[in-house]
1. If you take every residue apart from residue 115 with its C-beta less than 13 Å away from the C-beta of residue 115, what net charge results, scoring Lys and Arg +1 and Asp and Glu -1?
2. Check each of the trypsin sites (Lys or Arg not before Pro) in segment 150-213 and keep only those in coil by DSSP with at most 13 other C-beta atoms within 10 angstrom; list them in order.
3. Could you please report the charge total around residue 166, scoring K, R as +1 and D, E as -1 over all other residues with beta-carbon less than 14 angstrom from its beta-carbon?
4. On full extension of the chain, what length is gained from residue 89 through residue 144, given 0.36 nm per residue of separation minus the C-alpha to C-alpha distance?
5. Whole-Hz Karplus ³J(HN,Hα) for segment 158-172, in order, using 6.51 cos²θ - 1.76 cosθ + 1.60 and θ = phi - 60°, x for Gly and Pro?
6. Using 0.36 nm times the number of residues separating residue 151 and residue 60, minus their current alpha carbon distance, what extension gain do you get?
7. At a 10 Å Cβ-Cβ cut-off, how would you order 45, 151, fewest neighbours first?
8. Pop out the ³J(HN,Hα) list for segment 52-57 in order, Karplus 6.51 cos²θ - 1.76 cosθ + 1.60 with θ = phi - 60°, rounded to Hz; leave Gly and Pro as x.
Amino acid sequence: MIIIRLKSYLFKYIVLSFIFLTFIQSAYSVQSGQIQYVIPIDYSMIDETELKNEAESLYQDYINATDEIQKRNLLDKMLSAYSVLGNVDEGNPLYFTRLGIVFDKLGKDRYAKSNFCRASNLVPNYPYSYYSYANFFFERGKYRLALREYMRAYNAGYQNNYDTLYQIGVIYEKFGDFASANSYYKKALSLKYTEELNIKIQKLENIIRVNPLYNDTKGKIR
């Protein structure tokens with residue numbers, strides 16, 4: 001039974017890798033102007049539910065991984081899996097958001113942005129795509145753009161999402177708008193209490209109380 005399972009997994013991984021490499025080669029040929037004959041792939045033969053479960057399992061493994069080599073291997077497998085899923089169901093924003101995250105981690109900014117935008121265009125009020133796109137900008141120090149996307153996620157349904165509220169607070173704090181920062185920090189604290197966040201709120205409240213005008217001083221904005 002174990003041998004059969006391993007062979008089945010290996011076969012599926014080889015198929016996914018072949019499909020992905022075919023996709024990449026085709027895209028390269030279009031960009032370079034070469035004539036390329038691509039073997040047609042019948043995506044209807046793929047079990048979407050099974051592949052989605054495997055892709056999500058890989059994603060969770062990536063989140064929990066600490067070894068850089070392991071994380072890179074997981075990214076490669078996720079890229080193959082979500083690329084195929086995006087062809088199986090071209091209207092599912094989750095697949096393209098996940099692709100955006102994978103390309104983000106691989107440092108492929110243009111492909112990351114393209115997939116985040118595609119996910120948002122498929123479902124305009126899909127908060128996960130906005131939130132993930134915001135993380136993309138935040139990691140690159142583009143805080144105004146990050147705030148715009150976090151607020152879109154917030155308005156689209158992430159009013160009770162701890163990470164969104166916390167990140168909005170962080171950006172307002174960077175901008176020197178301590179009152180707004182504290183407002184979002186308190187909302188985050190009401191969802192998940194941490195002593196670290198509570199101390200941060202108390203410090204900002206002391207700054208505002210001692211010198212209210214300091215709240216209007218803007219920090220460096222990138």
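Throughout, read-outs are computed from the coordinates displayed, never taken from laboratory work. This one's a predicted model, so the numbers in the text were calculated from it and none came from an experiment. Here the Cβ positions follow ideal geometry from the backbone for every residue, glycine too, while neighbour counts run over all protein chains shown.
1. For residues surrounding residue 115, the net value is +3.
2. On the way: sites: 152, 174, 186, 187, 192, 200, 203, 209; in loops: 192.
Within segment 150-213, the qualifying trypsin sites (Lys or Arg not before Pro) (loop, at most 13 other Cβ atoms within 10 Å) are 192.
3. Numbers: positive: 174, 186, 187, 192, 200; negative: 163, 173, 196.
So the surrounding residues net to +2.
4. Value of the extension gain: 16.5 nm.
5. Listing the rounded values in order: 9, 5, 10, 9, 4, 4, 5, 4, 5, 5, 4, x, 4, 5, 4 Hz.
6. Once the chain is fully extended between residue 151 and residue 60, it gains 30.2 nm.
7. Details: 45 8, 151 16.
With the fewest neighbours first, 45, 151 line up as 45, 151.
8. 4, 4, 5, 5, 5, 5
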